[in-house]
Amino acid sequence: MVKEIKLGEQNITYTLKISPRAKRLRLAIYCNGDLIVTQPRNLRTEQVDNFILSKSAWIISRINNFKNSPVNPLNLLTRRDYLNAREKARKLVIERLEYFNSFYNFKYGTISIRDQKSRWGSCSRQGNLNFNFRLLFLPPEVSDYVIVHELCHLKEFNHSASFWKLVTHTIPDFRALRLKLKNGQLI
């Protein structure tokens, strides 16, 4: 449901999603400036409003940052682009997974290629690996980092020191690549 709230001098429109699986309130701001608030079922409207108000400086800062940033062409890719690139992305991911797994020798299940807005990849407890088709359009060293990151979650399902040590085994400069990915320096 679409709602509006006044933050400072600005009226901010946001989408409220009520999730039976959510354990706590969550804010997400996408690169197009969309604000999404995910709420557990049992919270009252006042609690949601107070939470948003408590984060108002951060929300306004992020939205303004996205408005003033140059447009990232990766965000302009459409559903048609996804359908056209999905199999090529799958081929790339499988090739790189096989290469990097020769160092790790982990067992994994299904490999899925998806059109996701906020994730580059994920790993399920069952060992299934999911990747964003946009990996195809990233610099090779950055897509390799994402692939290795998810591969290492097969052994360490967390972001502990042990996990990062596994990543470092094949991607020693992962910190710089992670920062590029986080800051949107992808082209």
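The values are calculated or read from the model by the stated rules, or taken from the named source; none is laboratory data. On a predicted model such as this, the values are computed, not experimentally measured, just so you know. Cβ atoms come from the backbone with ideal geometry, glycine included; neighbour counts cover every protein chain shown. Just so you know, the surface numbers come from the protein's heavy atoms only, side chains and all, with ligands and any DNA or RNA stripped out. Shrake-Rupley method; radii C 1.70, N 1.55, O 1.52, S 1.80 Å.
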- Could you give the length gained on full extension between HIS169 and ASN64, defined as 0.36 nm per residue of separation minus the Cα-Cα distance, in nm? 34.0 nm
- Item | Sequence of TYR99, TYR30 from largest to smallest accessible area, 1.4 Å probe | TYR99, TYR30
- So the carbon and sulfur contribution to the accessible area of region 66-171, 1.4 Å probe, in percent, is 50
- Note on the structure: Nearest-0.05 FRET efficiency for LYS23 and ASP81 at R0 = 30 Å, using Cβ-Cβ distance, is 0.30
- Within straight cross-link reach of LYS3, meaning Cα distance under 17 Å, which lysines are found once same-chain residues fewer than 8 apart are removed? LYS17, LYS55
- Query: Could the peptides 34-42, 175-183, 140-148 be put in order, highest first, of the mean number of other beta-carbon atoms found within 10 Å of their residues?
  - Reply: 140-148, 34-42, 175-183
- Note on the structure: D (µm²/s, integer) via Stokes-Einstein for region 97-187, Kirkwood Rh across alpha-carbon pairs, 25 °C, 0.890 mPa s: value 185
- Can you give the accessible area of GLU87, probe radius 1.4 Å, in Å² rounded to 10? 110
- Message: For a quick check of understanding: with a 1.4 angstrom probe and all protein chains in place, what accessible area in square angstrom does TRP164 have, to the nearest ten?
- Response: 40
- Note on the structure: Relative contact order of the chain (C-alpha contacts under 8 Å, at least 6 apart) in percent is 13
- For the chain, just list the percent of Cα-Cα distances falling in each 10 Å bin from zero outward, please. 8, 30, 30, 24, 7, 0
- Item | Within the chain: Cβ-based charge dipole about Cα centre, in debye rounded to nearest 20 (Lys, Arg +1; Asp, Glu -1) | 460
